[in-house]
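The values are calculated or read from the model by the stated rules, or taken from the named source; none is laboratory data. These figures come from a predicted structure and were not determined experimentally. Neighbour counts are summed over all protein chains in view; Cβ atoms, including those assigned to glycine, are modelled from backbone coordinates with ideal geometry. Just so you know, the surface numbers come from the protein's heavy atoms only, side chains and all, with ligands and any DNA or RNA stripped out. Shrake-Rupley method; radii C 1.70, N 1.55, O 1.52, S 1.80 Å.
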Amino acid sequence: MKVLSLTSLELIGEYLDKNPDSTALVDDFQAMYSDLGLQFVDAEYDISFDDVKLLSPDDDLDEKQTDAKNSAILYQAMKSLSPAEATDDRLWVTLCFGDFNQYVSSRWKIPAKGRAKNIKNHWTFQGAKPLTRDNALSRLWWMGHLASQIEGWTSEQVFKILFNNSDYRQSLVDRSGTSSNIQVVSAILAITKSAFDQNVEFKRASFRRFMEEVNFIAGRSNLAALDLSEIIKILQPIYLEAHNVTNGSALKKVMQGIGKVFKD
């Protein structure tokens, strides 16, 4: 497979910086490829996208639903990719402007203002933001990769939580202290689902406080070495306290709900 060179990625970034209102790269990439003097180089990715069709949001499927379905579709097509290979910006930018340009355009519609910024965010990579956040395709692959590693859960169950709220997803996935260990992620997902099932509403500030405490604990102890049940026992009270669940009856229901999460 051929991908855009690193120099080409730099040229694309420079063009977008100088032309904040231009959509030429999206409208006619082949023409811009020549105009900017871009180049492709060989990469050792043996992946075919001939039968891969990503879904666009419509009246029947909203963005959250299509993101979940597309994560499964894209990861299945690219499951031979290693996590190290999936950090290759060249791959994702090439696919965004190439095979999946139409999908990216429909999922991340270019606004009247800030056009280049939108293209940088979703077709390329804006600043130092993680691969899991904004790029239209890499975010889908990384969610699919994460879901494939959670034992006892289907991908659909994981996606239902991850794609329900972007703040939740990024607070969980972008923190290396948690997302690097599947046991910790599994525990947090189980705790969250149990709370959701008992109508404990997700609160952005509360979850961030919880995640800060998780990372503090992970930094002071070998949290990742514990069994899943032990991690849940440690983290669940912290989650509930952060979300101000102090009523005895409500607290008991959420605590009991953990068992049902794994039975489901």
Output for the range 198-225, where each listed residue is open to solvent by less than 40 Å² (accessible area, probe 1.4 Å) and not in a helix (DSSP H, G or I) = VAL200, PHE202
query = Of the residues that sit in the range 115-143 and are of a type in the set (Phe, Trp, Tyr) and within 20 Å of LYS18 (Cα to Cα), which one is modelled with the lowest pLDDT?
reply = PHE125
key: Selected residue [of a type in the set (Phe, Trp, Tyr) and over 24 Å from GLU85 (Cβ atoms)] from TRP153, TRP141   = TRP153
note = When every residue in the range 8-23 that is free of Cβ contacts under 8 Å to residues at least 24 places away in the same chain and surrounded by fewer than 13 Cβ atoms within 10 Å (Cβ to Cβ) is compared, the one farthest from VAL93 (Cα to Cα) is LYS18
inquiry  = Condition check: open to solvent by 30 Å² or more (accessible area, probe 1.4 Å), of a type outside the set (Gly, Ala, Ser) and within 25 Å of the chain's Cα centre (by Cα). Does TYR75 satisfy that?
reply    = yes
query = Across the range 110-138, which residue is nearest to the chain's Cα centre (by Cα) among those that are in a helix (DSSP H, G or I) and free of Cβ contacts under 8 Å to residues at least 24 places away in the same chain?
reply = ASN121
query = Does the range 43-66 contain at least one residue that is part of a helix (DSSP H, G or I), closer than 23 Å to ILE119 by Cβ and free of Cβ contacts under 8 Å to residues at least 24 places away in the same chain?
reply = no
key: Single residue of ALA195, ALA187 found to be at pLDDT below 90, open to solvent by less than 30 Å² (accessible area, probe 1.4 Å) and assigned to a helix (DSSP H, G or I)   = ALA195
ask   = Would you call ASN164 assigned to a loop (DSSP other than H, G, I, E, B) and buried (at least 22 other Cβ atoms within 10 Å of the Cβ)?
value = no
request  = State which residue is nearest to ARG115 (Cα to Cα) when the search covers only the range 24-42 and only residues that are open to solvent by 60 Å² or more (accessible area, probe 1.4 Å) and not in a loop (DSSP other than H, G, I, E, B).
outcome  = ASP27
task = Starting from the range 93-109, take each residue that is open to solvent by 20 Å² or more (accessible area, probe 1.4 Å) and list its partners that are not hydrophobic (A, V, I, L, M, F, W, C), counting only C-beta distances under 6 angstrom and pairs at least six apart or across chains.
result = SER106/SER56; TRP108/HIS122
ask   = Do we find that GLY144 is open to solvent by less than 10 Å² (accessible area, probe 1.4 Å) and touching a helix residue (DSSP H, G or I) at 6+ places or on another chain (Cβ under 7 Å) in this structure?
value = yes
